[in-house]
Ligand code: ZN
Ligand code: FE
């Protein structure tokens, strides 16, 4: 059995800590800061950090790696085509690794960065560690790839089972849903989710993990093929978007200045 906790870092990052109680081993996803992980280990004597999983090279995801590796000897897994400090195990699309007895499939999702990977665990309760690609209610900015690449990466993730739990790296859900509401003012799933997330944030609580089914119903970046999204985008741009990819590209540009 695996337990998963969010260790907050910086202003809006979460470091996902996977724990296997039987062996008292743990693993962390995207430690942009070593301090929260070291504090957790100090508060849990007997536990060992065995693995570090990296989705992409941005500092808020990797800046704690070398210190954690030096202090714990953890093995570092990360994208093969990016510069990842301390990486022991280079990974690419289609690879499979075993961490804490969990088998994790690696899916290459270029867009936010060109080498960005996500980690998927197929099981009766599937898990996805989606980094800065699929967010709750949104998606990452397209920094290195093209909007078309990001669109196709998200479309691959959209094929995963609806009950997949989505563990992304940032607490952006509220602002993402405010944008989603602007895109689809009449979508009742978005209205209800926005109200719930507003309550959670007022109480200082986390809005994650999400599920893929909820994302498919309320995340505009997974809904570019829906008529109501296309109509809204067409109206704003005062032109016809001829493909879902074109709708996605306009959505991403709108969100960047929302
Ligand atoms: Zn990033
Ligand atoms: Fe990030």
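Helix 188-202 versus the longest principal axis of the chain: what is the Cα-based angle in degrees, 0 to 90, to the nearest 10?
So the helix axis and the longest Cα principal axis differ by about 40 degrees.
With a cut-off of 8 Å between alpha carbons and a minimum separation of six or more residues, what is the relative contact order of the chain in percent?
Numbers: 533 pairs, mean separation 32.3, N = 258.
That works out to 13 percent.
Does the range 1-133 come out rounded, prolate or oblate by the C-alpha gyration tensor, with a ≥ b ≥ c the root eigenvalues, rounded set by a/c under 1.5 and, if not, prolate when a/b is larger than b/c and oblate if not?
oblate
For helix 244-256, what angle does its Cα long axis make with the longest principal axis of the chain, in degrees from 0 to 90 and rounded to 10?
70 degrees
Report the percentage of all Cα-Cα pairs in the range 108-258 whose separation exceeds 26 Å, rounded to a whole percent. Write down the numbers at each step before the final one.
Details: 2265 of 11325 pairs.
Tail of the P(r) past 26 Å holds 20 percent of the pairs.
What translational D, rounded to a whole number of µm²/s, comes out for the chain from Stokes-Einstein when the hydrodynamic radius is the Kirkwood one over Cα pairs, at 37 °C and 0.692 mPa s?
176 µm²/s
Under 10 Å, Cα contacts only: if you run a Gaussian network model on the chain, which one of 163, 176, 219 comes out with the highest mean-square fluctuation?
Top of the fluctuation ranking is 163.
When the chain is treated as a GNM, springs tying every alpha-carbon pair under 10 Å, which of 130, 243, 50 comes out with the largest mean-square fluctuation?
243
For a distance above 19 Å, tell me the whole-number percent of Cα pairs in the range 170-241 that qualify.
Summing the P(r) of the range 170-241 above 19 Å gives 34 percent of all pairs.
Taking the 0 to 90 degree range and rounding to the nearest ten, how far is the long axis of helix 227-237 tilted relative to the main principal axis of the chain, both from C-alpha atoms?
For helix 227-237, the angle is close to 70 degrees.
For the range 57-125, build the convex hull from the C-alpha positions and give me its volume per residue in Å³.
Normalising the Cα hull of the range 57-125 by residue number yields 101 Å³.
Each value in this text was obtained by applying a stated rule to the coordinates, not by laboratory testing. From a predicted model like this one, the values you see are computed outputs, not experimental measurements.
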